[in-house]
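**Student:** One structure coming up, written as structure tokens, with questions to follow.
Values in this text are rule-based calculations from the coordinates and carry no lab data. Keep in mind it's a predicted model, so treat the numbers as computed, not measured. All Cβ positions, even for glycine, are placed from backbone atoms using ideal geometry, and neighbour counts span all protein chains on display.
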Amino acid sequence: MLHRKVILAIADGLGDRPHPLLEHKTPLEYAETPNLDRLASMGITGMMDLIGSGIPVGTDMGHLILFGYEPHHYPGRGPIEALGIGMDVQSGDIVLRCNFATVDENGIVVDRRAGRIREGTVEIADAINGLEFEGVKVYFKPATEHRAALILRGIGLSDKVSDSDPKAPNDGSPYHLVRPLDSSEESKRTAAILNLFLAKAHRILSRHSVNAERLEKGKLPANFILTRGAGQMAQLEPITDELNIKGSCIAGESTVLGVAQLAGFEPITDNSMTGNIDTNIELKAKMAIEEIAKKDMVVVHVKAPDLKGHDNEPFEKAKAIERFDQMVGIIAQGLPEDVYLALAADHSTPCEVGEHTGDPVPILIYGPSIRRDRVMQYNELDCAYGGLGRLSGNEFIRTLHGLMGRVKKQGN
Ligand SMILES: [Zn+2]
């Protein structure tokens, strides 16, 4: 079998709709994208529905599919976030997303983000990491700013438990006791253990020196942990093992890096990969070329188009796309002969909606002896005429795996 390699460049939230401020073009049509268009003219294009037409997906689900899993493999947001911040997540673990928060003496949530705490979270987290309740070990680690993740490890646990977080915009209401969401013993036990943890954490954090200092400076103390989104880590085989390949993922966003680790891809990041329009595209492109020399598949991710879609900033979104175009241009220049360069997005984030939608996204594959189509530009309207047609996310990724020579023959 002829084995080849793939670099997959993902523009987060790239897909959009014609916008009145952009002469009724989409941001991708409006943007100056000479590199994307050159690849379109030399490659094969199409449209992709990540799961199915009209179904919006989150960045975590979108990437789970782009890394080669099926939608039903989704392990929940908690496990993905925990992996993304470098926690050791094991099969069977219950993982929750958390906020450092401020509650008053009556359990009223004064601030769900503890004054958007930035400093001292590592020290505070250390004070409650490693606690044990009824044989269940609790691991706790801070993420960016007020965010954190929590793992419960032990036997007889379930992810069918409610959130203690009253959720935005509910500052001023009491935190919720965790309740079982079904009648199983596992759910009851998990809810009880979480409530014990929350009470103990509150006692420890209320006395913590970081919070004493915060109070002295007139800042809100991080004296409570709000939990949400419990998920149980499933037994998933890394895609890299399944295909017998080696992979790397270059990204600034922890969600993407978390999915990458699940799939067996080596996560590669740098402080200059900001997840915004100022992200270091030159470094990303350089590393993509370096990594593909050692690996079979490299995923390189750019977040900014999604952010600008959420903010309904069509001109800014076009600018973010131009940065993506520059990155792809550098990668294309350094692309070895046996490597395909593929373009995709994890979902559409149309400016006029400000949220993810199920509009299909443009896809493209360029590389050795590819069946070229007649499409000359990479955008939502032209790629609809492309030779790949309209594929699901799984079909698109399988197409790439097929070109890599990694899909098993059916029959004899
Ligand atoms: Zn996304």
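**Student:** Convert each backbone phi in region 163-168 into a coupling constant with the Karplus relation 6.51 cos²θ - 1.76 cosθ + 1.60 (shift: θ = phi - 60°), then list the ³J(HN,Hα) values in order as whole Hz, x for Gly and Pro.
**Tutor:** 8, 8, 6, x, 6, 4
**Student:** Using 0.36 nm per residue, how much length does the chain from ALA384 to LYS409 gain when fully extended, once their Cα-Cα distance is taken away?
**Tutor:** Full-extension gain reported as 6.1 nm.
**Student:** Now a separate question. Helix-only mean residue ellipticity at 222 nm, the chain, DSSP H runs n ≥ 4 weighted -39,500 (n - 2.57), per residue, nearest 500. What is it?
**Tutor:** Rounded to the nearest 500, it is -9500 deg cm²/dmol.
**Student:** Using a ≥ b ≥ c from the Cα gyration tensor of region 268-390 (square roots of the eigenvalues), is it rounded, prolate or oblate, where a/c under 1.5 gives rounded and otherwise the larger of a/b and b/c decides, a/b for prolate?
**Tutor:** oblate
**Student:** Now, a different point. Please give the contour-minus-distance gain from GLU134 to MET1: 0.36 nm per residue of separation, less the Cα-Cα distance, rounded to one decimal in nm.
**Tutor:** That pair, GLU134 and MET1, stretches by 42.5 nm at full extension.
**Student:** What FRET efficiency, computed as 1/(1 + (r/R0)^6) with R0 = 45 Å and r the Cβ-Cβ distance, is obtained for ASP88 and ASN280, rounded to the nearest 0.05?
**Tutor:** 0.95
**Student:** I'd like the antiparallel share, as a percent to the nearest 5, of DSSP beta bridges with both residues in the chain.
**Tutor:** Here the antiparallel bridges make up roughly 60 percent for the chain.
**Student:** At each listed q (0.17, 0.21 Å⁻¹), what is the log10 of I(q)/I(0) that the Debye formula gives for region 148-273 modelled as equal alpha-carbon point scatterers?
**Tutor:** -1.04, -1.12
**Student:** What is the pair-distance distribution P(r) of region 142-193, computed from all Cα-Cα distances in 5 Å bins starting at 0, with each bin given as a whole percent?
**Tutor:** 4, 19, 20, 21, 19, 12, 4, 0
**Student:** Out of ALA148, SER158, ALA191, whose Cα points farthest toward the positive end of the dipole of region 82-232 (charges: +1 Lys, Arg; -1 Asp, Glu; placed on Cβ)?
**Tutor:** Going by the Cα projections, it comes out as ALA148.
**Student:** How would you order 100-112, 338-350, 266-278, 322-334 from highest to lowest mean count of nearby Cβ atoms within 10 Å?
**Tutor:** Answer by packing, highest mean first, reads 338-350, 322-334, 100-112, 266-278.
**Student:** Related question: Just check the chain against the gyration tensor rule for me: Cα atoms, a ≥ b ≥ c as the square roots of the eigenvalues, rounded for a/c under 1.5, and otherwise prolate or oblate depending on whether a/b exceeds b/c.
**Tutor:** It is prolate, given that a/c is not under 1.5 and a/b is the larger ratio.
**Student:** Which whole-angstrom value gives the distance between the alpha carbon centres of region 96-164 and region 312-362?
**Tutor:** Going from one Cα centre to the other spans 35 Å.
**Student:** Follow-up question, since we're still on this one. Apply 1/(1 + (r/R0)^6) to the Cβ-Cβ distance of HIS310 and GLU32, taking R0 = 22 Å, and write down the FRET efficiency to the nearest 0.05.
**Tutor:** 0.45
**Student:** Right, something else. Average projected area of the Cα convex hull of region 172-218, in nm²?
**Tutor:** Computed as one quarter of the Cα hull surface, the answer is 4.4 nm².
**Student:** Now for a separate question. What is the sum of charges, Lys and Arg at +1 and Asp and Glu at -1, for the other residues whose Cβ falls under 13 Å from the Cβ of ILE365?
**Tutor:** +3
**Student:** So who's got an amide H within less than 5 Å of the one on ARG390, skipping anything under 5 residues away but keeping other chains? H placed 1.01 Å off N, in plane.
**Tutor:** MET47
**Student:** Suppose each label sits 7 Å from its Cα in the direction of the beta carbon; what would the ILE370-GLU185 distance come out to in nanometres?
**Tutor:** In this crude spin-label approximation the distance works out to 5.7 nm.
**Student:** By per-residue mean of other Cβ atoms within 10 Å, what is the highest-first order of 166-173, 86-93, 258-265?
**Tutor:** 258-265, 86-93, 166-173
**Student:** Quick check: Cα centre of region 184-263 to Cα centre of region 48-93, how many Å?
**Tutor:** When both Cα centres are located, 16 Å separates them.
**Student:** Give the Rg/Rh ratio for region 82-232, taking Rg as the radius of gyration of the Cα atoms and Rh as the Kirkwood radius, to two decimals.
**Tutor:** Here Rg/Rh amounts to 0.95.
**Student:** In debye, nearest 20, what is the charge dipole magnitude of the chain about its Cα centre with +1 on Lys and Arg Cβ and -1 on Asp and Glu Cβ, if you could check?
**Tutor:** Result for the chain is approximately 620 debye, rounded to the nearest 20.
**Student:** Considering the chain as a Gaussian network with a 10 Å cut-off on Cα pairs, which listed residue, LEU96, LEU388, LEU177, attains the greatest mean-square fluctuation?
**Tutor:** Among LEU96, LEU388, LEU177, the largest mean-square fluctuation in the Gaussian network model of the chain belongs to LEU177.
**Student:** Next question, about the same structure. Lysine pairs in region 82-232 with Cα distance under 20 Å, only those 8 or more apart or on different chains: how many are there?
**Tutor:** 6
**Student:** Further, regarding this structure: Over the chain, calculate the relative contact order: mean separation of alpha carbon pairs under 8 Å at least 6 apart, over the residue count, as a percent.
**Tutor:** After rounding, I find 34 percent.
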